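Here the structure comes first, spelled out in structure tokens, and everything after it is commentary.
The values are calculated or read from the model by the stated rules, or taken from the named source; none is laboratory data. The shown structure was predicted, so the numbers you read here are calculated from the model rather than taken from an experiment. Using ideal geometry, Cβ is built from the backbone for each residue, glycine included, and neighbour counts are taken over all protein chains shown. Remember, those area values only see protein heavy atoms, side chains included, never the ligands or the DNA or RNA. Shrake-Rupley method; radii C 1.70, N 1.55, O 1.52, S 1.80 Å.
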Amino acid sequence: MTRLLHLDSSPRGERSHSRHLSGLFVNAFKAVHPDLEVVYRDLGHNPVPHVDEAWVAGAFLPPENHSPEMKERMQTSDVLVDELIAADYVVLGAPMYNFNVPSTLKAYIDQVIRLGRTFGMDKGNYVALLPPGKKMLVITSRGGMYRPGMPAAPYDLQEPFLKLAFGFMGITDITFVHADGLNFGDEQRDKSLAEAE
């Protein structure tokens, strides 16, 4: 069974460009892969909890030493990590907020970067622990233009951050599709969305 993890992180509903584009891709992919199992996480409308003190303590203790509060905090993280481990493909819809990802997506990433689960240590070096061979598609929506060579390109912290975070865990085959310049008038918005589609 081929598994695809579909993540949306926009708080917007029908007006969300990243949701629309990620949904288009997943539906087209399902049409080509009828045996595909899709797990969907709507991080924008159903955000995962932010990391707190009990989570941090639980993440660095063996499960048998967890307090009831630590067990409760780690339960969500364990489910999210298990979904990521099981996925062959990951599709992420992510608007750009203040040059980076929405806080809902950052909260998810904080939940899944886990010592002993998605990364380890070997002689002082970090080691990615996710099974190899995963492919990821990131579809972003951006009000500005951050393409290489453009004046605002250095402000793009979103793509480098996502490459680093998911690459740290072992997902290095990542394709980005940027629907950008969406706040530059109707003509530019329509052109960018058509290119992204």
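Could you grab me the full set of residues in the stretch 132-144 that are open to solvent by 30 Å² or more (accessible area, probe 1.4 Å) and assigned to a loop (DSSP other than H, G, I, E, B)? Reasoning before the result, please.
Residues of the stretch 132-144 open to solvent by 30 Å² or more (accessible area, probe 1.4 Å): 132-133, 135.
Scanning the stretch 132-144 gives Pro132, Gly133.
Of all residues in the stretch 3-15 being touching a strand residue (DSSP E or B) at 6+ places or on another chain (Cβ under 7 Å) and outside any strand (DSSP E or B), which is surrounded by the most Cβ atoms within 10 Å (Cβ to Cβ)?
Step one: of the stretch 3-15, the residues touching a strand residue (DSSP E or B) at 6+ places or on another chain (Cβ under 7 Å) are 3-10.
Keeping just the survivors that are outside any strand (DSSP E or B) gives 9-10.
Details: Ser9: 28, Ser10: 24.
The qualifying residue surrounded by the most Cβ atoms within 10 Å (Cβ to Cβ) is Ser9.
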>> Checking the condition buried (at least 16 other Cβ atoms within 10 Å of the Cβ) and either aliphatic (A, V, I, L, M) or modelled with pLDDT under 95 (or both), which residue from Leu115, Leu84 passes?
In response: Leu84
> Somewhere in the stretch 92-104, is a residue farther than 29 Å from Ala153 by Cβ and open to solvent by 70 Å² or more (accessible area, probe 1.4 Å)?
Replying inline: no
> Yes or no: Leu129 in contact (Cβ under 8 Å) with a residue 12 or more places away in the chain and open to solvent by less than 70 Å² (accessible area, probe 1.4 Å)?
Replying inline: no
>> Looking for something open to solvent by 50 Å² or more (accessible area, probe 1.4 Å), closer than 17 Å to Leu80 by Cα and modelled with pLDDT of 95 or more - is there at least one such residue anywhere in the stretch 166-181?
In response: yes
> So how many residues does the stretch 17-36 have that are within 24 Å of Val81 (Cα to Cα), without any contact (Cβ under 8 Å) to a residue 60 or more places away in the chain and among the hydrophobic types (A, V, I, L, M, F, W, C)?
Replying inline: 1
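To keep it simple, each residue is scored yes or no on (1) among the hydrophobic types (A, V, I, L, M, F, W, C); (2) more than 15 Å from Pro95 (Cβ to Cβ).
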{"site": "Leu137", "(1), (2)": "yes, yes"}
{"site": "Gly144", "(1), (2)": "no, no"}
{"site": "Ala152", "(1), (2)": "yes, yes"}
{"site": "Glu159", "(1), (2)": "no, no"}
{"site": "Asp186", "(1), (2)": "no, yes"}
{"site": "Lys191", "(1), (2)": "no, yes"}
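Out of Val39, Val51, report the one residue that is farther than 20 Å from Ala196 by Cα, in contact with an Asp or Glu (Cβ under 7 Å, 6 or more places away or on another chain) and either in a helix (DSSP H, G or I) or in contact (Cβ under 8 Å) with a residue 60 or more places away in the chain (or both).
Numbers: Val39 fails: either in a helix (DSSP H, G or I) or in contact (Cβ under 8 Å) with a residue 60 or more places away in the chain (or both).
Being farther than 20 Å from Ala196 by Cα, in contact with an Asp or Glu (Cβ under 7 Å, 6 or more places away or on another chain) and either in a helix (DSSP H, G or I) or in contact (Cβ under 8 Å) with a residue 60 or more places away in the chain (or both) holds for just one of Val39, Val51, which is Val51.
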